[in-house]
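What follows is calculated from the coordinates using simple rules that are stated; it is not laboratory data. As the structure is a computational prediction, the values presented were derived from the model and not from experiment. Methodologically, a virtual Cβ is constructed for each residue, glycine included, from the backbone with ideal geometry; neighbour enumeration extends over all protein chains shown.
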Amino acid sequence: MKEKELPQSRNRRRFIKGITCALGTAALGAPLLSYGESLAGTRKPQNKKLGIALVGLGNYSTNQLAPALQETEKCYLAGVVTGSPPKAEEWKKKYSIPGRNIYSYDTYDQIKDNPDIDIIYVVLPNAMHAEYTIRAAEAGKHVICEKPMATSEEDCARMIEACKRNNRKLSVGYRLHFEPHNQRVMELGQQQVFGKVKKIDGAHSFVVSNDPDRWRLNKKLSGGGPLMDVGIYCVQAACYTTGETPVAVTAKFGEVTRPVYFDEVEQSVSWQLEFPGGAVANGSSSYNENKNFLYGEAEEGWWRLQPAYSYSGIEGRTSKGPMNYPQVNQQARQMDAFAECVLENRESRVPGEMGMRDVRILMAIYEAARTGKRVLI
Ligand code: NAD
């Protein structure tokens, strides 16, 4: 059977059924359910989209999220939070955002009085995620927080607690859970379509620029180097291939060839994760080369995505032939799926607990690389 025929299989239908909440029925073409009193504090007319406010108007907000919000069906760009008055003016005009929905970091907490904003999307440097997520929850807003969820497991726990206490939903910006090739990898691994998974290899690296990405090289703001930024995708991929959380890790830092840039964070790191089902995942990440792939090997077959983690152009094959899935707007799907979870009072497929698990794994990788020891997770 050709690879492209497999998605129609009964296995796939069963798998999809199991993850429908997470994916959001929007992604699968089903209609929006009606809703009312029972929704966690959000009562909007059935046909009204939820309002999202982006916090931090850097690269990702500007070039990916705002354009994606022009394609979403369940949510729209209702507001922004920025420290830059010229940017506020530019966004106001470009996206017809009313002045009342534009906030600075000083006026951020006043967002609690704004019924136009249902969801706050935190797109700030990593070390700021915790504070802005917690303040969003205290303001009564649901939250999407970018990856990595925070720079410590303790911060993740505080974020989850704040959202729970305020009865708000929390989700992490893990867009690849809404991308068809990566979804197929989840299915191949978790459903053991080719038998038990034995080995996973993945790398995600890029050459970091000095400016304007300076915070990425500043440990206080980033929490770490390429591992925190893009290596996290390989860690995620290993977990969603197996459907498991690793039990142990060994790791080592790579050589520093550009000490002027890498005096605070690692230039590169590689690791090996051990999973309870017996799979082993080798990963690596660097700020000094370009790599982007995910490979999986099971008892009776293999699969490979390359590129695996990009915003578009993801391609894959398996031992049965080429994968043949559409290119989608990952961010639009991700935000629509979260809006559906809010509207239907369901948990996100990529909840805070998953973000916290991943930060725990990242910290264990750092500890293993620092100590040279095998670290239990
Ligand atoms: P960026 O540097 O382009 O933008 C960061 C924004 O934060 C800027 O608007 C900046 O003005 C603002 N900011 C506020 N306080 C700041 C401070 N003290 N120092 C520095 N900047 C400050 O970064 P980005 O690439 O947009 O990344 C933002 C977040 O989004 C990061 O957590 C990153 O990991 C995440 N991200 C996710 C994806 C994804 O595919 N999911 C892609 C890119 C970035």
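Over the chain, Cα pairs under 8 Å with separation of 6+ residues give a relative contact order of 22 percent. Shape verdict for segment 31-175, please, from the Cα gyration tensor: rounded (a/c under 1.5), prolate (a/b greater than b/c) or oblate. Rounded, because the longest to shortest axis ratio a/c is under 1.5.
The modelled label-to-label distance between Ala248 and Lys198, using points 7 Å beyond Cα along the C-beta direction, is 2.1 nm. Given contacts defined as C-alpha pairs under 8 Å and at least six residues apart, what's the relative contact order of segment 31-175, whole-number percent? This gives 20 percent for segment 31-175.
Enumerate the lysines that Lys94 could reach by cross-link, defined here as Cα to Cα under 28 Å, with residues fewer than 8 away along the same chain left out. Correct list for Lys94: Lys44, Lys48, Lys49, Lys74, Lys112, Lys141, Lys147.
So, counting K/R as plus one and D/E as minus one, what does the shell of residues with Cβ under 15 Å around Ala203 add up to? Net local charge, Ala203 excluded: 0.
For the pair segment 229-260 and segment 326-344, the centres of their Cα atoms are 26 angstrom apart.
Near Lys112, once Lys and Arg are set to +1 and Asp and Glu to -1 for all other residues with Cβ below 15 Å from its Cβ, the sum equals -1. DSSP bridge analysis restricted to the chain gives an antiparallel fraction near 60%, rounded to the nearest 5. Segment 351-370 and segment 141-179 have Cα centres spaced 14 Å apart.
Taking a straight Cα-Cα cut-off under 16 Å and skipping sequence neighbours fewer than 8 places away in the same chain, the lysines within cross-link reach of Lys320 are Lys2, Lys4. Expressed per residue, the C-alpha convex hull volume of the chain stands at 132 Å³.
The gain in end-to-end length when the Asn324 to Val207 segment is fully stretched comes to 39.1 nm, 0.36 nm per residue minus the alpha carbon separation. With an 8 Å cut-off on Cα pairs and a minimum separation of 6 or more residues, tell me the relative contact order of segment 193-260 in percent. That works out to 28 percent. Based on the Kirkwood approach, the hydrodynamic radius assigned to segment 182-313 is 15.2 Å, with every pair of different Cα atoms included. Give the cross-link partners of Lys196 among the aspartates and glutamates, using a straight C-alpha distance below 13 Å as the criterion and excluding same-chain residues fewer than 8 apart. Partners within reach: Glu187, Glu244, Glu297, Glu299, Glu300.
Local charge sum around Arg370 (other residues, Cβ-Cβ under 14 Å, Lys/Arg +1, Asp/Glu -1)?
In short, +2.
From its DSSP helices (H runs of at least four residues, each -39,500 (n - 2.57)), the chain gives a residue-normalised ellipticity at 222 nm of -8500 deg cm²/dmol.
With the simple model of a label 7 Å out from the Cα in the direction of the Cβ, Leu376 to Ser104 spans 5.2 nm.
Dipole magnitude for the chain: computed about the Cα centre from +1 point charges on Lys and Arg Cβ and -1 point charges on Asp and Glu Cβ, it is near 820 debye.
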